[in-house]
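Taking it in order: structure first as structure tokens, then the write-up.
The values are calculated or read from the model by the stated rules, or taken from the named source; none is laboratory data. Note that this is a predicted model, so its numbers are computed, not measured. Neighbour counts run over all protein chains shown; Cβ positions are idealised from the backbone, glycine included. Quick note on the areas: whole protein, heavy atoms, side chains included, nothing else; ligands and nucleic acids left out. Shrake-Rupley method; radii C 1.70, N 1.55, O 1.52, S 1.80 Å.
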Amino acid sequence: MRKILLIHGPNLNLLGEREPGVYGTDTFETINDEITEHAMALGMHCEVFQSNHEGEIIDQLHLARKKFDGVVINAGAYTHYSYAIRDAIAAIKIPVVEVHLSNIHARDEFRSKSVIAPVCAGQISGFGKYSYLMGIDALAYRWKAEDENEQAE
Ligand code: DQA
């Protein structure tokens, strides 16, 4: 069974009460339950990690390279300026999917730049909590294609 690590960055622990007009009213806990159930329904296991600290997120990315097959990450505001998180993603070989609840390209100018995007497998942005579920789907489709290619060889 493939294992996914979902990483939430800073301030995402306040989902549900934080700027509900932008991020919605679903709580952090209910969103995480939906994500882990969605992964399970697709035959995958998903663990959730959240931190407000850059170094802790980097440590988890390093650990993930041995324990998980892929990562879905919402790096929060670190998305826009953390070269250290970017380098950690570049350093590990497992696929990392970048997700955002809001459409980062339709907000403040500083949010439209993601320094992690070039080293991620892809980016999903603007679908609220469904961005996370789509991140899980993206990994599932990627692995399905890989498995089919292997069988064809
Ligand atoms: C966010 C967008 C970021 O710009 C912001 O700093 C966040 C959340 C999103 O999910 O839309 O914390 O990553």
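Overview of results
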{"quantity": "Filtered residue count, segment 61-94, keeping only those that are open to solvent by less than 40 Å² (accessible area, probe 1.4 Å), away from the ligand (no atom under 14 Å from the Cβ) and assigned to a helix (DSSP H, G or I)", "calculated": "4"}
{"quantity": "Unique match (being at pLDDT 95 or above, touching a Ser or Thr at 6+ places or on another chain (Cβ under 6 Å) and surrounded by 17 or more Cβ atoms within 10 Å (Cβ to Cβ)) among ILE35, ILE57", "calculated": "ILE57"}
{"quantity": "Residue list for segment 1-38, filter: part of a strand (DSSP E or B) and aliphatic (A, V, I, L, M)", "calculated": "ILE4, LEU5, LEU6, ILE7"}
{"quantity": "Residues satisfying the stated conditions in segment 20-32, i.e. farther than 17 Å from SER125 by Cα and open to solvent by 70 Å² or more (accessible area, probe 1.4 Å)", "calculated": "THR25, GLU29"}
{"quantity": "Residue satisfying all of: in segment 95-119; in contact (Cβ under 8 Å) with a residue 40 or more places away in the chain and more than 9 Å from the ligand (Cβ to nearest atom); surrounded by the fewest Cβ atoms within 10 Å (Cβ to Cβ) among these", "calculated": "PRO95"}
{"quantity": "Residue ID - farthest from the chain's Cα centre (by Cα), chosen from residues in segment 120-143 that are surrounded by fewer than 18 Cβ atoms within 10 Å (Cβ to Cβ) and among the hydroxyl-bearing types (Ser, Thr, Tyr)", "calculated": "TYR141"}
